[in-house]
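The values are calculated or read from the model by the stated rules, or taken from the named source; none is laboratory data. Worth saying up front: this structure is predicted, and the values here are computed from it rather than measured. Methodologically, a virtual Cβ is constructed for each residue, glycine included, from the backbone with ideal geometry; neighbour enumeration extends over all protein chains shown.
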Amino acid sequence: MQSWGNLPYDPPCRQRRLFDRAAPLPTGEAPLLAYGNGRSYGDVCINSGGELLQTRGLDRYLAFDDATGILRAEAGVLLDDIIRVFLPRGWFLPVTPGTRFVTLGGALANDVHGKNHHVAGTFGCHVPRFELLRSDGGRIECSPTENAELFAATIGGLGLTGLVTWIELRLRRVPGPAIAVENRRFHGLAEFFALNIEAEKTHEHVVAWIDCLAREPRGILMAGNHAAASAAAVPPAPTFSPAVPFTPPLSLVNRASLAAFNAAYFHKPLPARATVHCLPYFYPLDNLLYWNRIYGRRGFYQYQCAVPQAVQQDATAALLAAIRESGQGSFLAVLKTLGDMASPGMLSYPLPGANLALDFPNGGAHTLELFKRLDAIVRDAGGRLYPAKDARMPGDLFRQGYPQWRKFSQYVDPKFSSNFWRRVAG
Ligand SMILES: Cc1cc2nc3c(=O)[nH]c(=O)nc-3n(C[C@H](O)[C@H](O)[C@H](O)COP(=O)(O)OP(=O)(O)OC[C@H]3O[C@@H](n4cnc5c(N)ncnc54)[C@H](O)[C@@H]3O)c2cc1C
């Protein structure tokens, strides 16, 4: 089994079985781990030498309350399925990551965030209840008032507290599929942060693409709101998404292709205002299926970190300078700020400050050397890396960034583990 970054794991992760809702959990010696849709970039969903329990068979809707918007569904249901069923009825996800091909269980276990973190917090903020299956056979219902500690440990708990079988999610009403977007180019981080403050006052969804190779960081800030619009005014969502058909031996992403892409993207014609369909707005990358294959057989890393508000501009500048100097970088570079709404998860990633995410082809030692430099900046800033995107952070950086990890470890199911956890918790 692989994760989204297609990085090689030694030993490879081969043992897997489809989780059967009617059967007990396997009782052998091998450590267990739930596997949703493998959209995590690194090793939070990898369990070399252990067994992966694939949850996609947990695909039933169990209940929906039209008055509150609370949907109860099994944990293998994809966000994509929920959108297909509920958007035509005027409901949308309260929080969504940049791909809709993730399961409810995966979204809970990484406590994912979206472009609206400043007003909506994380996915877990909208989960009133779920059921957890432990390796002793216990089925435990968890909510903020019932088994509250296990509730907090499981949200953002990286699949380590057991297998979540069903989840309640509070959907939000939307006037339709339209998003009214405002686009602004910016030059320099000072301009980005100033524009961002204003955009967050008036917009629910705010994110920026950033050209990480430019001498002075530049980019495009995109701010959007759900909007009422006649069907004729909203361009339809694409009905067909092409796929990258195979993995080339070498990465197609290199310094030359990146610089050309970034310059062209920055200067593309950009309407100041537009009404668009929410699917291409929230999920531009889902329009090219298996785009991760373009990084070739060695795969790729994502480096995603959050740094506190007080130092966000300086730390982001230092990170971008180190990346530019290294000559490595990506066209998928995202900068956004995270708000101060507390997450219910003990190990949740977001902190109030700036969040930077960039993809890097796996260039071996050269890439890992750059990450060491970036780690030092994040460490000094008092920031943290995002486990959902990580495949290599050193244990000490994890433990510094997530000081609650010791308390969390009391709730880890003794039969569950992952490559990530063995690496960072020792
Ligand atoms: C293109 C792209 C864009 C993305 N954008 C964002 C973004 O904007 N914000 C963001 O936060 N993340 C983002 N992500 C990351 C992604 O949302 C998370 O990694 C998500 O958790 C993946 O869900 P999955 O169903 O594929 O789970 P997997 O990757 O298979 O597993 C993730 C974790 O969930 C656990 N898990 C899965 N199912 C269960 C279950 N039933 N019970 C217990 N544990 C379970 C696994 O053990 C593992 O630890 C993005 C990923 C991609 C590929």
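Of Arg172, Arg139, Arg129, all but one fail to be basic (Lys, Arg), within 23 Å of the chain's Cα centre (by Cα) and either within 16 Å of the ligand (Cβ to nearest atom) or surrounded by fewer than 16 Cβ atoms within 10 Å (Cβ to Cβ) (or both); the exception is Arg129.
Let's see how each residue does on (1) touching a residue at least 40 places away in the same chain (Cβ under 8 Å); (2) within 23 Å of the chain's Cα centre (by Cα); (3) within 22 Å of Arg100 (Cβ to Cβ):
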residue: Leu213; (1), (2), (3): yes, no, no
residue: Leu221; (1), (2), (3): no, yes, no
residue: Val253; (1), (2), (3): yes, yes, no
residue: Ala272; (1), (2), (3): yes, no, no
residue: Asn287; (1), (2), (3): yes, yes, yes
residue: Asn292; (1), (2), (3): yes, yes, yes
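Number of residues in region 112-126 that are more than 10 Å from the ligand (Cβ to nearest atom) and either more than 15 Å from the chain's Cα centre (by Cα) or not polar (S, T, N, Q) (or both) equals 7. In the set Ala208, Ala199, only one residue is more than 16 Å from the ligand (Cβ to nearest atom) and under 20 Å from His118 (Cβ atoms); that residue is Ala199. Whether any residue in region 16-27 is surrounded by fewer than 17 Cβ atoms within 10 Å (Cβ to Cβ), touching a strand residue (DSSP E or B) at 6+ places or on another chain (Cβ under 8 Å) and under 23 Å from Gly299 (Cβ atoms) is what I want to check. The answer is yes; a qualifying residue exists. With respect to being near the ligand (Cβ under 9 Å from one of its atoms), crowded, with 22+ Cβ neighbours inside 10 Å, free of Cβ contacts under 8 Å to residues at least 60 places away in the same chain and under 21 Å from Glu141 (Cβ atoms), Gly76 fits the description.
The set of residues in region 52-66 being closer than 19 Å to Arg129 by Cβ and of a type outside the set (Asp, Glu) consists of Thr55, Leu58, Arg60, Tyr61, Leu62, Ala63, Phe64. Residues in region 318-354 that are out of contact with any helix residue (DSSP H, G or I) (no Cβ under 8 Å at 6 or more places or on another chain) and either part of a loop (DSSP other than H, G, I, E, B) or within 12 Å of the ligand (Cβ to nearest atom) (or both): Val334, Asp340, Ala342, Leu351. Of all residues in region 355-370, those satisfying the criterion of being surrounded by fewer than 20 Cβ atoms within 10 Å (Cβ to Cβ), not in a loop (DSSP other than H, G, I, E, B) and not acidic (Asp, Glu) are Ala365, His366, Thr367, Leu368. Candidates Leu52, Leu18: the one that is in contact with a Lys or Arg (Cβ under 9 Å, 6 or more places away or on another chain), within 14 Å of the ligand (Cβ to nearest atom) and modelled with pLDDT of 95 or more is Leu52. Of all residues in region 234-288, those satisfying the criterion of being in a helix (DSSP H, G or I) and of a type in the set (A, V, I, L, M, F, W, C) are Ala256, Leu258, Ala259, Ala260, Phe261, Ala263, Ala264, Phe266, Cys278, Leu279, Phe282, Leu285. For Ala199, the stated conditions hold: it is part of a helix (DSSP H, G or I), surrounded by 15 or more Cβ atoms within 10 Å (Cβ to Cβ), aliphatic (A, V, I, L, M) and at negative phi. Annotation note: of Arg134, Arg139, Arg84, Arg89, the sole residue that is farther than 24 Å from Pro177 by Cβ and free of Cβ contacts under 8 Å to residues at least 40 places away in the same chain is Arg139. Scanning region 142-155 for residues being buried (at least 16 other Cβ atoms within 10 Å of the Cβ) and in contact (Cβ under 8 Å) with a residue 60 or more places away in the chain gives a total of 6.
Filtered by the rule that a residue be within 16 Å of the ligand (Cβ to nearest atom) and over 16 Å from Tyr402 (Cβ atoms), region 143-169 gives Asn147, Leu150, Phe151, Gly162, Leu163, Val164, Thr165, Trp166, Ile167, Glu168, Leu169.
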